[in-house]
Amino acid sequence: MPSLQSRSAFRFAVLLALAPLCAAADLPELNIDLDRTTVSGISSGAFMAVQMGVAHSASVKGVAATAGGPYFCALQDALGGAGVTQAMRRCMQGDPDYAATPITPGDVDTMVASARGWSARGSIDPVTNLAGQAVWLFHGYNDGVVKKPVVDALRAWYGAFTPATQVFYRDDINAGHAQISAACADKAAGSCNVCAKTGGKFINACTDKPAAAGQLYDAAGAALQLFYGPLERTPTTQLGSTPKPFDQAPFTRQRNGMPSTPLRLAMGDTGYVYVPKACAAGEPCSLHIAFHGCQQDAGTIDQTFVTGAGFNEWADANRIVVLYPQARATYGTALGPVNPMACWDWWGYNDFLYDAGAGQYARKDGAQVSAVWRMAEKLAARGKPAAVIGGVVPALRVVDRSASQVALAWTPVAGASAYRIQRSIGDAAATLLGTVPAARTAYVDGGLSPDSVYRYRVSAVANGVDGAASALVEARSGPPAPPCDPYFSLSRNAPVTRNKQPTSKICP
């Protein structure tokens with residue numbers, strides 16, 4: 001059997017031979033307001049989305065993370081990427097081959113302090129910007145890869161910077177480790193897992209809770225509406241555009257600014273971008289960056305994530321361009337770092353032998369963070385600040401709910417200086433929940449009782465006077481998640497028990 005190195009060299013030679021036949025186009029220059037950028041990711045892509053949102057917080061207004069951990073979770077184990085085992089123990093916790101190391105409150109404090117220090121030195125944008133971000137977090141209770149305490153720690157990390165009324169956390173769906181998509185069910189057989197599964201292409205269809213019978217949970221729609229306000233979804237079969245490939249090589253560079261092959265940074269030669277027709281025609285648009293997870297790159301599952309993650313359906317009619325940058329598998333040869341599962345760099349594999357201190361990968365000049373941001377800047381090359389077009393009365397929508405939270409979003413009102421949110425329970429009179437500045441058109445109500453009905457209105461304040469209130473909307477909080485303790489063996493690529501025994505049991 002050929003060695004791992006020889007197989008890797010052969011694969012690289014084949015890729016080089018095919019490159020002229022698969023040449024991708026240049027990334028287009030569009031009228032995108034870069035300051036309305038949002039990001040999302042699953043698994044390693046969730047870590048990457050958080051890194052991008054923190055490093056470029058001056059421009060990123062929303063972050064969605066499915067099964068991800070806190071910023072700089074790897075801590076000093078990230079030094080040169082050599083401590084990946086220790087980082088996995090802390091920041092994944094689900095493989096019993098790697099005994100879990102809890103993320104302590106002291107660890108979170110260190111991660112927070114690191115961000116503050118890098119902010120003070122200009123290595124990332126000022127962390128004060130995080131007070132203006134909206135954050136959507138998800139953890140499925142059958143996820144045995146990245147355990148719930150890791151996502152809990154991410155929520156705690158944001159608690160140091162972002163108001164609780166801007167952070168939504170969904171943890172009451174019986175999902176495995178996957179991107180939860182209402183679009184994958186529209187694709188060919190085999191592209192969509194049942195909700196509780198972990199594996200395959202890591203894209204699952206899940207029924208919402210509580211919901212009308214058969215209604216699928218739409219993670220992409222929930223996150224994007226929390227960021228941009230109420231949106232309309234285009235059915236998959238009626239999309240007006242298709243994702244287009246582009247060459248990632250012009251955006252990958254060495255530390256000294258010289259060009260680098262994408263392979264050297266564990267990035268694919270080709271990325272993908274979904275451009276709605278209105279954006280291609282020059283209309284003002286926003287940008288969403290969607291990071292795939294490990295083993296979800298195009299080299300492994302072709303364009304399944306690009307077409308099936310669920311973002312294009314919400315982008316199509318709402319002037320949102322979706323950028324799908326691509327990582328790739330590399331095997332620690334002279335051609336690239338050790339990254340055999342095509343993960344995004346959240347433990348420093350691109351920093352090896354470069355840095356005296358850990359964490360370069362997570363900052364603005366991190367190899368992958370800077371490459372993807374150069375892609376965003378190219379897309380926004382013709383951008384202008386987007387004008388906010390508002391109506392007279394806000395249109396209010398419930399965009400997500402959990403056992404303890406309801407996420408609300410509304411359309412802007414022209415001339416508003418603030419918005420007031422009211423809530424009523426049962427027959428009780430409505431009470432004021434809070435007032436948010438005009439720049440915000442979303443609110444997360446927390447501390448709710450499970451399986452209970454709440455009613456909301458929102459009104460705009462202009463010239464010190466409250467305007468007409470929105471129509472009343474009703475939301476029922478979900479049931480609490482059952483006690484569940486899943487595990488997943490990476491070496492076996494299968495669920496196991498805490499004692500490493502194969503299992504098919506799931507939490508219902």
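For region 38-53, check the following and say yes or no: at least one residue is in contact with a His (Cβ under 6 Å, 6 or more places away or on another chain), touching a residue at least 40 places away in the same chain (Cβ under 8 Å) and either surrounded by fewer than 24 Cβ atoms within 10 Å (Cβ to Cβ) or farther than 16 Å from ALA315 by Cβ (or both). Steps first, please.
Initially, region 38-53 is screened for residues in contact with a His (Cβ under 6 Å, 6 or more places away or on another chain), giving 38, 45.
The next check asks that each one be touching a residue at least 40 places away in the same chain (Cβ under 8 Å); those that pass are 38, 45.
With the extra rule that they be either surrounded by fewer than 24 Cβ atoms within 10 Å (Cβ to Cβ) or farther than 16 Å from ALA315 by Cβ (or both), the set shrinks to 45.
Yes: one or more hits.
Please find, within region 343-374, the residue that is surrounded by the most Cβ atoms within 10 Å (Cβ to Cβ) out of those that are among the aliphatic types (A, V, I, L, M) and under 17 Å from the mean Cα position of the chain (by Cα). Spell out the reasoning first.
Filtering region 343-374 for residues among the aliphatic types (A, V, I, L, M) gives 353, 356, 358, 362, 367, 369, 371-372.
Next, from what is left, pick out any that are under 17 Å from the mean Cα position of the chain (by Cα): 362, 369, 372.
Numbers: ALA362: 32, VAL369: 24, VAL372: 26.
Here the answer is ALA362.
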Next item on the list: Determine the pairs where a residue that is within 14 Å of GLY366 (Cα to Cα) and without any contact (Cβ under 8 Å) to a residue 60 or more places away in the chain, located within region 325-348, has a partner that is in a loop (DSSP other than H, G, I, E, B) and of a type in the set (Ser, Thr, Tyr) with Cβ atoms under 6 Å apart, the partner being 6 or more residues away or on another chain.
Entry: none
Check: For region 128-148, which residues satisfy the criterion of being over 18 Å from the mean Cα position of the chain (by Cα) and closer than 17 Å to PRO102 by Cβ?
Finding: GLY144
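Of all residues in region 277-311 being of a type in the set (Phe, Trp, Tyr) and assigned to a helix (DSSP H, G or I), which is farthest from ALA220 (Cα to Cα)?
My answer is PHE305.
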Next item on the list: Please state which of the following conditions TYR272 fails to meet, knowing it meets all the rest: (1) out of contact with any Phe, Trp or Tyr (no Cβ under 7 Å at 6 or more places or on another chain); (2) closer than 26 Å to ASP345 by Cα; (3) surrounded by 15 or more Cβ atoms within 10 Å (Cβ to Cβ).
Entry: (1)
Next item on the list: Being among the hydroxyl-bearing types (Ser, Thr, Tyr) and surrounded by fewer than 24 Cβ atoms within 10 Å (Cβ to Cβ) is the filter here, so list the residues in region 131-168 that pass it.
Entry: TYR141, THR162, THR165
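Matching residues to (1) at pLDDT 95 or above; (2) over 30 Å from ALA481 (Cβ atoms); (3) crowded, with 20+ Cβ neighbours inside 10 Å; (4) charged (D, E, K, R):
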| residue | (1), (2), (3), (4) |
| --- | --- |
| ALA175 | yes, no, yes, no |
| THR207 | no, no, no, no |
| ALA219 | yes, no, yes, no |
| ASN256 | no, yes, no, no |
| LEU263 | yes, yes, yes, no |
Item checked: Unmet requirement for ILE389, which otherwise passes all of (1) in a loop (DSSP other than H, G, I, E, B); (2) among the β-branched types (Val, Ile, Thr); (3) buried (at least 22 other Cβ atoms within 10 Å of the Cβ) -> (3)
Notebook entry, point to check: How about region 398-508: which strands (runs of 3 or more DSSP E) wholly inside it have at least 2 residues that are of a type outside the set (A, V, I, L, M)?
Noted result: 418-424, 431-437, 442-445, 453-462, 465-469, 473-476, 487-489
Notebook entry, point to check: Restricting attention to region 151-163, does a residue exist that is over 21 Å from PRO210 (Cβ atoms), without any contact (Cβ under 8 Å) to a residue 40 or more places away in the chain and within 14 Å of the chain's Cα centre (by Cα)?
Noted result: yes
Check: Can you find even one residue in region 305-313 that is under 14 Å from PRO276 (Cα atoms), touching a Lys or Arg at 6+ places or on another chain (Cβ under 6 Å) and in contact (Cβ under 8 Å) with a residue 40 or more places away in the chain?
Finding: yes
Next item on the list: For region 89-97, indicate whether the set of residues that are in a loop (DSSP other than H, G, I, E, B), touching a strand residue (DSSP E or B) at 6+ places or on another chain (Cβ under 6 Å) and surrounded by fewer than 18 Cβ atoms within 10 Å (Cβ to Cβ) is non-empty.
Entry: yes
Next item on the list: With respect to TYR141, determine if the residue is hydroxyl-bearing (Ser, Thr, Tyr) and in contact with a Cys (Cβ under 6 Å, 6 or more places away or on another chain).
Entry: yes
Notebook entry, point to check: Can you tell me how many residues in region 27-74 are among the hydroxyl-bearing types (Ser, Thr, Tyr), more than 10 Å from the chain's Cα centre (by Cα) and in a loop (DSSP other than H, G, I, E, B)?
Noted result: 3
Margin query: Condition first: surrounded by fewer than 18 Cβ atoms within 10 Å (Cβ to Cβ) and either under 16 Å from ALA160 (Cα atoms) or modelled with pLDDT under 95 (or both). Now tell me which residues in region 99-119 satisfy that.
Written below: ALA99, THR104, PRO105, GLY106, ASP109, THR110, ALA113, ARG116, GLY117
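Within region 98-134, work out how many residues are hydrophobic (A, V, I, L, M, F, W, C), assigned to a helix (DSSP H, G or I) and either closer than 29 Å to LEU490 by Cα or in contact with a Cys (Cβ under 7 Å, 6 or more places away or on another chain) (or both). Don't jump to the end; show me each part of the working.
Pass one, region 98-134, residues hydrophobic (A, V, I, L, M, F, W, C): 99-100, 103, 108, 111-113, 115, 118, 120, 124, 127, 130-131, 134.
Cutting the leftovers down to assigned to a helix (DSSP H, G or I) gives us 108, 111-113, 115, 118, 120, 127, 130-131.
Next, from what is left, pick out any that are either closer than 29 Å to LEU490 by Cα or in contact with a Cys (Cβ under 7 Å, 6 or more places away or on another chain) (or both): 108, 111.
Of the residues in region 98-134, 2 are hydrophobic (A, V, I, L, M, F, W, C), assigned to a helix (DSSP H, G or I) and either closer than 29 Å to LEU490 by Cα or in contact with a Cys (Cβ under 7 Å, 6 or more places away or on another chain) (or both).
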Check: Going by the structure shown, is THR128 surrounded by fewer than 21 Cβ atoms within 10 Å (Cβ to Cβ), closer than 30 Å to LYS61 by Cβ and of a type in the set (Val, Ile, Thr)?
Finding: yes
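Got a number for residues in region 329-384 being outside any loop (DSSP other than H, G, I, E, B) and among the hydrophobic types (A, V, I, L, M, F, W, C)? Show your work before the answer.
So in region 329-384, the residues outside any loop (DSSP other than H, G, I, E, B) come out as 330-331, 338-339, 360-362, 367-379.
Keeping just the survivors that are among the hydrophobic types (A, V, I, L, M, F, W, C) gives 338, 362, 367, 369, 371-373, 375-376, 379.
The qualifying residues number 10.
Would you point out which residue out of GLY415, GLY383 is touching a strand residue (DSSP E or B) at 6+ places or on another chain (Cβ under 6 Å) and surrounded by fewer than 16 Cβ atoms within 10 Å (Cβ to Cβ)? Walk me through how you get there before you give the answer.
Working: GLY383 fails: surrounded by fewer than 16 Cβ atoms within 10 Å (Cβ to Cβ).
Checking each option against the conditions leaves just GLY415.
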Next item on the list: Taking ASN174 as meeting all but one of (1) in contact with a helix residue (DSSP H, G or I) (Cβ under 9 Å, 6 or more places away or on another chain); (2) assigned to a loop (DSSP other than H, G, I, E, B), write down the number of the exception.
Entry: (1)
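Would you tally the residues in region 443-484 being out of contact with any helix residue (DSSP H, G or I) (no Cβ under 8 Å at 6 or more places or on another chain) and within 30 Å of TYR141 (Cα to Cα)?
Here is the first cut: in region 443-484, the residues out of contact with any helix residue (DSSP H, G or I) (no Cβ under 8 Å at 6 or more places or on another chain) are 447-484.
Add one more test, that the residue is within 30 Å of TYR141 (Cα to Cα), and what stays is 447-456, 473-484.
Of the residues in that region, 22 qualify.
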Note to self: Show the residue pairs meeting these rules: Cβ distance below 9 Å; 6+ apart or different chains; first residue within region 220-243 and free of Cβ contacts under 8 Å to residues at least 12 places away in the same chain; second residue outside any helix (DSSP H, G or I) and surrounded by fewer than 23 Cβ atoms within 10 Å (Cβ to Cβ).
What the structure shows: none
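The values are calculated or read from the model by the stated rules, or taken from the named source; none is laboratory data. These numbers were taken from a predicted model, which means no experiment stands behind them. Ideal geometry is used to build each Cβ from the backbone, glycine not excepted, and the neighbour counts take in all protein chains shown.
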